[in-house]
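First comes the structure, then the notes that go with it.
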Amino acid sequence: MNNNIEIRKTQHVTTEGRKVSGYAVLFNSQSEDLGFFEIIEPQAITEEVIKASDIFAKFNHDDDKVLARSKYGNGSLSLQLDEKGLYYEFEVPNNIWGDTLLEHIKRGEIDASSFAFTVAKGGDKWEKDGNGTLYRTISKIDQLYDVSPVFQPAYSATTCTARNLDKAKKMLEINEILDDLEAEILLL
C-alpha cells in the first residue's frame, strides 16, 4: 500500500433504490481539525486525474469490500466534477456488502463519504497563522484511489497525515529561521 495515500471524510451519502451517491470531495470547503485545516481547490482534481486513476468505491475503505470501480474513467462507478466538488454514484452490487451498505444507510449509521488520494509534487501549500495554526491548501491531486461510504472519518487511520504534518512544521521552522537570518543580514 502506498504510504502517501491520505483519506478524508466529506458529505452525506444518499440512496435511491440500489443506487448510492454523494460528494467524495467538496471544493473550497475547510476541513475539520486534522491537526491542521485543509482546503481543496477546484483545479486540484481534473478529468485527466480521473482518467489516470483506478478508483474503487469501497465499503468503509475496506480493500476486500469493493462496491464499484472506475478504471481510468470507465466502469460501474460514475464520477462527475461540478462547481461543488467530485460527485460519485454507483449501483450497489447484489451481494452481502451491497446489502449491508444499504441497510446501514437506511438505518442512518452510514451518512458520510470519504476519499483516498495522493497529492502531486508541489501540489500543496502550508501556512501558519499568528496563533500557530497550520493551514494546507491542495491545488493538485496526483491520483484518486477510492471513494467510500463510511461509518466514521478515517483521519487517524492514515499515517501520511501525521508524517506530512511533521514535515510541514519542519519546513515552516526552517523558513522562519531563514527569514530571521535574512533580516539580520540586511541589518549588517
Go over the candidates F117, F90, F56 one by one and state the one that is closer than 27 Å to D33 by Cβ and not aliphatic (A, V, I, L, M). F117
Would you pick out the residues in the stretch 127-148 that are over 25 Å from G22 (Cα atoms) and touching a residue at least 60 places away in the same chain (Cβ under 8 Å)? T133, L134, Y135
Just to be sure, is D179 open to solvent by 70 Å² or more (accessible area, probe 1.4 Å) and at pLDDT below 90? yes
Applying the selection to the stretch 98-110, what residues are under 18 Å from A24 (Cβ atoms) and without any contact (Cβ under 8 Å) to a residue 60 or more places away in the chain? H104
Consider V20 carefully, then state whether it is at pLDDT 85 or above and under 15 Å from the mean Cα position of the chain (by Cα). no
I'd like to know if the stretch 146-157 contains one or more residues that are at positive phi, open to solvent by less than 40 Å² (accessible area, probe 1.4 Å) and either modelled with pLDDT of 70 or more or touching a Leu at 6+ places or on another chain (Cβ under 6 Å) (or both). no
Scanning the stretch 33-66 residue by residue, those small (G, A, S) and either open to solvent by 30 Å² or more (accessible area, probe 1.4 Å) or assigned to a strand (DSSP E or B) (or both) turn out to be G35, A52, A57
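The values are calculated or read from the model by the stated rules, or taken from the named source; none is laboratory data. Because the structure is a prediction, the values reported are computed rather than measured. Neighbour counts are summed over all protein chains in view; Cβ atoms, including those assigned to glycine, are modelled from backbone coordinates with ideal geometry. Side chains are part of the model used for accessible areas, which takes the heavy atoms of the whole protein and leaves out ligands, DNA and RNA. Shrake-Rupley method; radii C 1.70, N 1.55, O 1.52, S 1.80 Å.
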